[in-house]
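**Student:** First the structure, which I've put down as structure tokens, then a few questions once you've had a look.
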Amino acid sequence: MFSFFTSDIAIDLGTANTLIYVKGEGIVANEPSVVAVQKDTRGAKSVLAVGKAAKEMIGKAPINIEVIRPLKDGVIADFDVAQQMIRYFIKHAYKKGSFIKPRIAIGVPYGITEVEKRTVKEAAASAGAREVFLVEQPMAAAVGAHLPVTEPTGNMIVDIGGGTTEVAVISLAGIVCSQSVKIAGDKMDEAITNYIKKKYNLQIGFKSAEQIKCTIGNAFPGEKKEFTEVKGLDLVAGIPKTIEMNSEEIRESLSECVGGIVQAVKAVLEKTPPQLAADIVDKGIVLAGGGALLKNLDILLREETNLPVIIAEDPLKSVVVGIGRILEDIDLLRTVSLT
Ligand SMILES: Nc1ncnc2c1ncn2[C@@H]1O[C@H](COP(=O)(O)OP(=O)(O)OP(=O)(O)O)[C@@H](O)[C@H]1O
Ligand SMILES: [Mg+2]
């Protein structure tokens with residue numbers, strides 16, 4: 001009788017990372033949203049690798065192997081591959097009780113279209129879900145960050161992922177005002193790549209750009225300048241080359257993206273009803289998503305808004321932890337899941 005409920009699964013299907021949480025077990029999968037597909041000589045496709053192993057292949061695979069990121073800008077761009085990816089993660093993460101079809105709650109960007117909702121639901125259903133619930137990611141992130149979302153008080157959450165940055169003010173278990181912009185981790189990696197290409201005529205790969213961002217990238221000047229070696233292909237000489245770059249250059253390359261995120265936060269603050277704005281003045285802005293880890297982004301937002309800014313504990317996990325918590329609270333699930 002009780003095992004009936006143990007098959008509940010929460011999924012944060014992100015542009016960059018997919019996380020799976022099983023009720024009673026915690027996070028059972030945390031992998032890049034990447035699939036490597038191999039084509040045989042007759043053109044038939046088969047899945048070669050999923051997650052970390054597939055991400056390792058980005059930019060390194062021969063022509064018969066295609067490395068695919070099935071989500072773009074927070075939504076499913078390649079349905080078949082996304083479906084295979086979800087199925088793979090569920091199968092590998094969830095061995096117990098596989099005879100019971102699980103209830104699956106899955107995070108979706110705020111304001112997704114009906115077509116997009118159907119795509120996500122079908123992907124989860126085909127992965128074996130008995131029932132599918134959709135939860136808006138800003139709500140999930142807020143719950144995961146321990147914000148009192150059901151109370152009559154203003155909570156501001158900023159979830160900076162790989163594909164989108166979602167800013168929302170939540171009160172009484174609903175999103176009062178929000179904005180979603182397609183400026184997040186991927187755009188930052190792109191900006192770093194373009195900056196290096198333009199300034200140094202050096203072409204670097206996707207993974208190098210991400211690594212530079214995560215090591216010396218920053219949004220606001222810190223105490224000391226940091227340096228890193230950057231390896232790539234010299235576009236003039238046509239041979240591999242190594243250069244040294246510093247954190248100020250990386251900040252400069254990221255300034256447009258970071259500015260876009262600040263603008264989105266300000267736009268939502270402007271739309272916030274005064275009573276809720278007063279709560280935010282006291283409690284501040286909470287940052288979630290991997291982008292929250294960009295060095296000194298909290299300091300920059302504090303400077304720009306004069307509000308307290310707090311980084312959620314373990315920001316990469318806020319959404320999946322939040323969906324998990326919502327799944328465990330049937331009233332909350334009914335209130336916040338999309339119909
Ligand atoms: N220390 C760091 N500094 C800057 N960026 C980081 C850091 N760590 C991770 N990131 C970035 O965070 C992003 C991934 O965050 P997250 O897993 O929250 O995104 P996602 O949920 O998959 O995407 P989305 O919510 O947009 O669909 C990546 O772009 C990654 O490079
Ligand atoms: Mg996310």
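The values are calculated or read from the model by the stated rules, or taken from the named source; none is laboratory data. No experiment lies behind these values; they were computed from the predicted model shown. Positions of Cβ are backbone-derived with ideal geometry, glycine not excepted, and every protein chain shown enters the neighbour counts.
**Student:** Six or more apart or on different chains, Cβ under 8 Å: which pairs go from a residue in region 287-312 that's without any contact (Cβ under 8 Å) to a residue 24 or more places away in the chain to one that's more than 16 Å from ligand 2 (Cβ to nearest atom) and of a type in the set (A, V, I, L, M, F, W, C)? Could you list them?
**Tutor:** Pairs that qualify, where the first residue is without any contact (Cβ under 8 Å) to a residue 24 or more places away in the chain and the partner is more than 16 Å from ligand 2 (Cβ to nearest atom) and of a type in the set (A, V, I, L, M, F, W, C), are ASP298/VAL309; ASP298/ILE310; ARG302/VAL309.
**Student:** Out of curiosity, is LEU235 touching a helix residue (DSSP H, G or I) at 6+ places or on another chain (Cβ under 6 Å) and touching a residue at least 24 places away in the same chain (Cβ under 8 Å)?
**Tutor:** No; evaluated as a whole, the condition is false for this residue.
**Student:** Out of the residues in region 183-227 that are of a type in the set (Asp, Glu), within 16 Å of ligand 1 (Cβ to nearest atom) and out of contact with any Gly (no Cβ under 8 Å at 6 or more places or on another chain), which is farthest from ARG69 (Cα to Cα)?
**Tutor:** Among them, the one singled out is GLU226.
**Student:** Another question, then. Which members of region 171-211 meet the condition of being under 30 Å from LEU333 (Cβ atoms), more than 16 Å from ligand 2 (Cβ to nearest atom) and in contact with a helix residue (DSSP H, G or I) (Cβ under 7 Å, 6 or more places away or on another chain)?
**Tutor:** SER171, ALA173, VAL176, CYS177
**Student:** Pick from region 21-42 the residues that are modelled with pLDDT of 95 or more and within 16 Å of ligand 1 (Cβ to nearest atom): which of them is surrounded by the most Cβ atoms within 10 Å (Cβ to Cβ)?
**Tutor:** SER33
**Student:** Can you name the helices (runs of 4 or more DSSP H) wholly within region 135-235 that have at least 1 residues being under 21 Å from SER337 (Cβ atoms)?
**Tutor:** 137-144
**Student:** Sort out which residues of region 55-82 are among the aliphatic types (A, V, I, L, M) and farther than 13 Å from THR18 by Cα, and write them in order of number.
**Tutor:** MET57, ILE58, ALA61, ILE63, ILE65, VAL67, ILE68, ALA77, VAL81
**Student:** Follow-up question, since we're still on this one. Surrounded by fewer than 17 Cβ atoms within 10 Å (Cβ to Cβ) and within 27 Å of ILE326 (Cβ to Cβ): does that describe GLU56?
**Tutor:** Here the answer is no, as GLU56 does not meet what is asked.
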